[in-house]
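Only one structure is covered here, and it is reproduced in the block below.
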Amino acid sequence: MRLKLVKPCARCPIPDVDPATGEPGHAVGDVLASYRADARLNGALTFGMNAVITDGIERVLRTGLAGRATYAFD
């Protein structure tokens, strides 16, 4: 299976919601914005990448399968 990384993935706002009250906040986002803001997404906080399958679309991944990965930082 091959994946092509296509764009950064913006972080969802759930970690800023107080679990006791359900009220949205901003403390977590404010801290993360100091070092995770991504200019490619207009300053959104990013942690991962969206990807599309370019090869192996019919293959099945199972627990315990061996794998390898190559990556590069641009």
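FYI, it's all coordinate maths here, none of it is from the lab. Remember, predicted model here, so these are calculated numbers, not experimental data. As a convention, Cβ positions derive from the backbone with ideal geometry for all residues, glycine included, and neighbour counts pool all protein chains shown.
In percent, how large is the relative contact order of the chain, given Cα pairs closer than 8 Å and 6 or more residues apart?
Values: 80 pairs, mean separation 31.8, N = 74.
Normalised by residue count, the contact order of the chain is 43 percent.
Residue 38: net charge of surrounding residues, Cβ under 11 Å, Lys/Arg +1, Asp/Glu -1, itself excluded? Present the calculation step by step, with values, prior to reporting the outcome.
Values: positive: 7, 11, 36, 40; negative: none.
Every neighbour counted, the sum reads +4.
Of 32, 41, 61, the residue with the greatest mean-square motion in the GNM of the chain, using alpha carbon springs below 10 Å, is 61.
Dividing the helix sum by the residues of the chain, where each DSSP H run of 4 or more adds -39500 (n - 2.57), gives a mean residue ellipticity at 222 nm of -4000 deg cm²/dmol.
Structure remark: mean-square fluctuation, Gaussian network model of the chain, C-alpha springs under 10 Å; the largest value among 43, 64, 22 belongs to 64.
Taking only Cα atoms, what is the 0 to 90° angle, nearest 10, from helix 27-36's long axis to the longest principal axis of the chain? Around 50 degrees separate the two axes. The slack between residue 55 and residue 20, meaning 0.36 nm per residue of separation minus the straight C-alpha distance, is 8.2 nm.
Please report the net charge: other residues with Cβ closer than 14 Å to the Cβ of residue 61, K and R +1, D and E -1. That sum, taken over residues with Cβ under 14 Å, equals +2.
Judged by the ratio a/c of the largest to the smallest principal axis of the C-alpha gyration tensor, region 2-55 counts as oblate, that ratio being 1.5 or greater while a/b is no larger than b/c. Charge tally around residue 7: other residues with Cβ under 11 Å, Lys/Arg +1 each, Asp/Glu -1 each, net +1.
For the chain, what is the charge dipole size about the Cα centre, in debye to the nearest 20, if Lys and Arg each add +1 at the Cβ and Asp and Glu each add -1 at the Cβ?
Values: 9 positive and 8 negative charges, 109 e Å.
For this selection, approximately 520 debye.
Under 5 Å from the amide H of residue 49 lie the amide H atoms of 9, each residue being 5 or more positions distant or on a separate chain, with H modelled from the backbone and absent for Pro and chain starts. Among 11, 59, 40, the residue with the largest mean-square fluctuation in a Gaussian network model of the chain, with springs joining Cα atoms closer than 10 Å, is 59.
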